[in-house]
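Trainee: Dropping a structure here in C-alpha coordinates format, bear with me for questions.
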Amino acid sequence: MTDVQDPRLVAGVPWPVIQGDDDAVIYFEDRPWVEMRDLGYTGSFIKVVSVDRENGEVIFLYDMAPNTQFPIHEHKCRVIAYTISGAWWYDSRESLVEGTTIIEGIGSTHIPQSGEEGFRAFVVLLTKPGQKVFLRRQHPKTLDVLELDYDYFERLMNLTDGPEVHQVKGWPTDHL
(Lines give C-alpha, C1' and ligand atoms only; values in the text may rest on other atoms or scores of the structure.)
Protein backbone atom coordinates (compact mmCIF):
# COMPACT_ATOMS: atom_id res chain seq x y z
CA MET A 1 0.00 0.00 0.00
CA THR A 2 1.48 3.34 -1.01
CA ASP A 3 1.26 6.59 0.87
CA VAL A 4 2.02 8.79 -2.14
CA GLN A 5 -0.35 11.69 -2.69
CA ASP A 6 -1.31 12.00 -6.36
CA PRO A 7 -0.73 15.63 -7.46
CA ARG A 8 -3.89 15.49 -9.60
CA LEU A 9 -6.11 15.12 -6.52
CA VAL A 10 -6.45 18.75 -5.46
CA ALA A 11 -9.32 21.06 -4.68
CA GLY A 12 -10.84 23.05 -7.51
CA VAL A 13 -10.05 20.50 -10.25
CA PRO A 14 -12.18 17.46 -11.20
CA TRP A 15 -10.41 14.31 -10.05
CA PRO A 16 -9.50 11.59 -12.58
CA VAL A 17 -10.26 7.90 -12.06
CA ILE A 18 -7.06 6.25 -10.85
CA GLN A 19 -6.56 2.49 -10.70
CA GLY A 20 -3.90 1.49 -8.20
CA ASP A 21 -1.21 -1.09 -8.88
CA ASP A 22 -2.45 -3.19 -5.95
CA ASP A 23 -6.16 -3.13 -6.93
CA ALA A 24 -7.44 -6.68 -7.50
CA VAL A 25 -10.63 -8.48 -8.43
CA ILE A 26 -10.85 -11.97 -6.94
CA TYR A 27 -13.56 -14.46 -7.86
CA PHE A 28 -14.47 -16.76 -5.00
CA GLU A 29 -15.03 -19.70 -7.36
CA ASP A 30 -11.34 -19.51 -8.33
CA ARG A 31 -10.27 -20.56 -4.83
CA PRO A 32 -10.72 -24.05 -3.30
CA TRP A 33 -12.70 -24.91 -0.17
CA VAL A 34 -10.41 -26.86 2.18
CA GLU A 35 -11.45 -28.70 5.32
CA MET A 36 -9.07 -27.90 8.17
CA ARG A 37 -9.30 -31.42 9.61
CA ASP A 38 -5.51 -31.70 9.95
CA LEU A 39 -5.61 -29.09 12.72
CA GLY A 40 -8.45 -30.79 14.56
CA TYR A 41 -10.97 -28.46 12.94
CA THR A 42 -13.28 -31.17 11.60
CA GLY A 43 -16.32 -29.48 10.11
CA SER A 44 -14.38 -26.25 9.52
CA PHE A 45 -13.87 -25.20 5.92
CA ILE A 46 -11.80 -22.28 4.66
CA LYS A 47 -11.53 -20.59 1.27
CA VAL A 48 -8.51 -18.26 1.37
CA VAL A 49 -9.15 -15.31 -0.92
CA SER A 50 -6.02 -13.21 -0.43
CA VAL A 51 -2.71 -13.25 1.43
CA ASP A 52 -0.83 -9.93 1.55
CA ARG A 53 2.48 -10.15 3.42
CA GLU A 54 3.41 -6.52 2.74
CA ASN A 55 0.30 -5.12 4.42
CA GLY A 56 -0.17 -7.88 7.03
CA GLU A 57 -3.53 -9.18 5.78
CA VAL A 58 -5.22 -12.51 5.17
CA ILE A 59 -8.79 -12.62 3.85
CA PHE A 60 -10.96 -15.75 3.68
CA LEU A 61 -14.44 -17.22 3.75
CA TYR A 62 -15.06 -19.60 6.63
CA ASP A 63 -17.79 -22.24 6.97
CA MET A 64 -18.52 -24.21 10.12
CA ALA A 65 -20.75 -27.27 9.89
CA PRO A 66 -23.88 -27.49 12.07
CA ASN A 67 -23.41 -28.36 15.76
CA THR A 68 -19.62 -28.04 15.60
CA GLN A 69 -17.05 -26.64 18.00
CA PHE A 70 -13.79 -25.03 16.79
CA PRO A 71 -10.87 -25.89 19.12
CA ILE A 72 -9.45 -23.20 21.36
CA HIS A 73 -7.03 -20.88 19.62
CA GLU A 74 -5.20 -17.62 20.27
CA HIS A 75 -5.25 -14.57 18.05
CA LYS A 76 -1.85 -13.02 17.38
CA CYS A 77 -3.60 -10.50 15.13
CA ARG A 78 -6.76 -8.43 14.95
CA VAL A 79 -9.72 -10.30 13.43
CA ILE A 80 -12.80 -8.87 11.75
CA ALA A 81 -15.54 -11.41 11.01
CA TYR A 82 -18.83 -10.63 9.27
CA THR A 83 -21.49 -13.35 9.56
CA ILE A 84 -22.95 -14.00 6.11
CA SER A 85 -25.38 -16.73 7.16
CA GLY A 86 -26.28 -18.91 10.13
CA ALA A 87 -25.35 -18.20 13.72
CA TRP A 88 -22.41 -18.84 16.04
CA TRP A 89 -21.13 -17.86 19.46
CA TYR A 90 -18.33 -18.42 21.92
CA ASP A 91 -17.72 -18.06 25.60
CA SER A 92 -20.40 -15.94 27.24
CA ARG A 93 -21.04 -13.76 24.19
CA GLU A 94 -24.43 -13.54 22.57
CA SER A 95 -25.14 -15.24 19.27
CA LEU A 96 -23.48 -13.76 16.20
CA VAL A 97 -26.24 -13.99 13.61
CA GLU A 98 -26.42 -13.12 9.92
CA GLY A 99 -25.38 -9.49 9.43
CA THR A 100 -23.33 -9.32 12.65
CA THR A 101 -19.72 -8.15 12.65
CA ILE A 102 -17.30 -8.94 15.46
CA ILE A 103 -13.87 -7.40 15.97
CA GLU A 104 -11.54 -9.60 18.01
CA GLY A 105 -8.42 -8.28 19.66
CA ILE A 106 -4.86 -9.54 19.77
CA GLY A 107 -4.25 -12.10 22.50
CA SER A 108 -7.82 -13.34 22.84
CA THR A 109 -8.50 -17.06 23.13
CA HIS A 110 -11.87 -18.65 22.56
CA ILE A 111 -13.81 -21.68 21.32
CA PRO A 112 -16.32 -20.77 18.57
CA GLN A 113 -19.42 -22.98 18.25
CA SER A 114 -22.25 -23.34 15.75
CA GLY A 115 -25.87 -24.35 16.17
CA GLU A 116 -28.35 -26.27 14.04
CA GLU A 117 -27.60 -24.44 10.78
CA GLY A 118 -23.84 -23.86 11.06
CA PHE A 119 -22.56 -20.54 9.73
CA ARG A 120 -20.54 -18.78 7.04
CA ALA A 121 -18.38 -15.71 7.71
CA PHE A 122 -16.18 -13.35 5.73
CA VAL A 123 -12.99 -12.96 7.79
CA VAL A 124 -10.09 -10.51 7.67
CA LEU A 125 -6.92 -11.09 9.72
CA LEU A 126 -4.84 -7.94 10.26
CA THR A 127 -1.36 -7.91 11.73
CA LYS A 128 1.58 -5.59 11.79
CA PRO A 129 3.79 -5.74 8.69
CA GLY A 130 6.70 -8.03 9.43
CA GLN A 131 4.79 -10.16 11.93
CA LYS A 132 4.40 -13.69 10.59
CA VAL A 133 1.99 -15.50 12.91
CA PHE A 134 -1.79 -14.89 12.82
CA LEU A 135 -3.18 -17.66 15.02
CA ARG A 136 -1.84 -20.23 17.45
CA ARG A 137 -3.47 -23.57 18.20
CA GLN A 138 -2.67 -25.99 21.02
CA HIS A 139 -2.86 -29.74 20.46
CA PRO A 140 -5.41 -31.07 22.99
CA LYS A 141 -3.36 -34.14 23.97
CA THR A 142 0.32 -33.21 23.60
CA LEU A 143 -0.17 -29.49 24.39
CA ASP A 144 2.26 -28.68 21.57
CA VAL A 145 1.62 -25.33 19.88
CA LEU A 146 1.15 -24.83 16.15
CA GLU A 147 1.45 -21.39 14.60
CA LEU A 148 -0.64 -20.50 11.56
CA ASP A 149 1.39 -18.09 9.47
CA TYR A 150 1.42 -16.65 5.96
CA ASP A 151 2.80 -19.90 4.54
CA TYR A 152 -0.13 -21.90 5.93
CA PHE A 153 -2.75 -19.62 4.38
CA GLU A 154 -0.88 -19.39 1.07
CA ARG A 155 -0.72 -23.19 0.81
CA LEU A 156 -4.48 -23.39 1.32
CA MET A 157 -5.13 -20.62 -1.20
CA ASN A 158 -2.99 -22.24 -3.88
CA LEU A 159 -4.26 -25.82 -3.67
CA THR A 160 -5.44 -26.84 -7.13
CA ASP A 161 -5.40 -30.63 -7.14
CA GLY A 162 -5.36 -33.32 -4.53
CA PRO A 163 -7.30 -33.91 -1.35
CA GLU A 164 -9.71 -31.38 0.07
CA VAL A 165 -8.04 -31.90 3.43
CA HIS A 166 -4.83 -29.93 3.72
CA GLN A 167 -2.16 -31.68 5.80
CA VAL A 168 0.31 -29.71 7.89
CA LYS A 169 3.64 -31.52 7.95
CA GLY A 170 4.85 -32.44 11.41
CA TRP A 171 1.57 -31.73 13.21
CA PRO A 172 0.25 -34.73 15.14
CA THR A 173 -3.24 -35.75 14.04
CA ASP A 174 -3.95 -38.42 16.63
CA HIS A 175 -6.65 -36.24 18.16
CA LEU A 176 -8.93 -36.68 15.13
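The values are calculated or read from the model by the stated rules, or taken from the named source; none is laboratory data. Since the structure is predicted, the reported quantities are computational estimates derived from the model, not experimental observations. So basically every Cβ, Gly included, is an ideal-geometry build from the backbone, and we count neighbours across all protein chains shown. Note: accessible area is taken over every heavy atom of the protein model, side chains too, but ligands, DNA and RNA are not part of it. Shrake-Rupley method; radii C 1.70, N 1.55, O 1.52, S 1.80 Å.
Trainee: Based on the Cβ-Cβ distance of Leu9 and Asn55, what FRET efficiency does E = 1/(1 + (r/R0)^6) give at R0 = 25 Å, to the nearest 0.05?
Mentor: With a Förster radius of 25 Å, E is 0.70.
Trainee: Right, next: Within the chain, what whole-number % of the accessible surface is contributed by carbon and sulfur, with the 1.4 Å probe and all protein chains included in the calculation?
Mentor: C and S fraction of accessible area: 52 percent.
Trainee: Given the Cα-Cα distance of Gln69 and Thr142 and 0.36 nm per residue of separation, how much length would full extension add, in nm?
Mentor: 24.3 nm
Trainee: In the chain, with Lys and Arg counted as +1 and Asp and Glu as -1 at Cβ, which of these residues, Ala24, Gly107, Phe119, has the Cα nearest the positive end of the dipole, that is, farthest along it?
Mentor: Projecting each Cα onto the dipole axis, the largest value belongs to Gly107.
Trainee: About the Cα centre of the stretch 1-139, what is the dipole size in debye to 20, counting +1 per Lys and Arg Cβ and -1 per Asp and Glu Cβ, all else neutral?
Mentor: Charge dipole of the stretch 1-139: 440 debye, to the nearest 20.
Trainee: Would you pull out the residues with amide H under 5 Å of Leu135's amide H, same chain only if 5 or more places away, H placed 1.01 Å from N?
Mentor: Lys76, Leu148
Trainee: Now for a separate question. Evaluate the chain: find the radius of gyration of its Cα atoms, find its Kirkwood radius, and give the ratio Rg to Rh.
Mentor: Across the chain, the Cα-based Rg/Rh ratio is 1.03.
Trainee: Taking only DSSP H segments of four or more residues, each worth -39500 (n - 2.57), what value at 222 nm results for the chain once the sum is divided by all its residues, to the nearest 500 deg cm²/dmol?
Mentor: Here the helix-only value at 222 nm equals -1000 deg cm²/dmol.
Trainee: Additional query: Please list, in order along the stretch 85-102, the HN-Hα scalar couplings obtained from phi with the Karplus expression 6.51 cos²θ - 1.76 cosθ + 1.60 (θ = phi - 60°), rounded to whole Hz, x for Gly and Pro.
Mentor: Going residue by residue, I get 8, x, 8, 8, 7, 7, 6, 9, 6, 5, 4, 9, 9, 3, x, 8, 10, 10 Hz, with x marking Gly and Pro.
Trainee: For Ile84 and Arg155, what does the FRET efficiency come to when R0 = 41 Å and r is the distance between their Cβ atoms, rounded to the nearest 0.05?
Mentor: 0.95
Trainee: If amide hydrogens are placed 1.01 Å from N in the peptide plane, which non-local residues have theirs closer than 5 Å to the one on Ser50?
Mentor: Ile59
Trainee: Could you give the accessible area per residue of the chain, probe 1.4 Å, as a whole number in Å²?
Mentor: 59 Å²
Trainee: If DNA, RNA and ligands are ignored and the probe is 1.4 Å, what is the ranking of Trp33, Trp15 by accessible area, most exposed first?
Mentor: Trp15, Trp33
Trainee: Which aspartates and glutamates have a Cα less than 20 Å from the Cα of Lys132, not counting those fewer than 8 places away in the same chain?
Mentor: Of all the aspartates and glutamates, those that pass the test against Lys132 - Cα under 20 Å, at least 8 places apart if same chain - are Asp52, Glu54, Glu57, Glu74, Glu104, Asp144, Glu147, Asp149, Asp151, Glu154.
Trainee: With each label point set 7 Å from Cα along the Cα-Cβ vector, what nm distance links Ile18 and Ser92?
Mentor: Label-label distance for Ile18 and Ser92, simple model: 4.9 nm.
Trainee: Residue by residue through the stretch 15-27, what is 3J(HN,Hα) from phi via Karplus (6.51 cos²θ - 1.76 cosθ + 1.60, θ = phi - 60°)? Round to whole Hz and write x for glycine and proline.
Mentor: Values per residue, Gly and Pro as x: 7, x, 7, 10, 9, x, 5, 9, 5, 8, 10, 10, 9 Hz.
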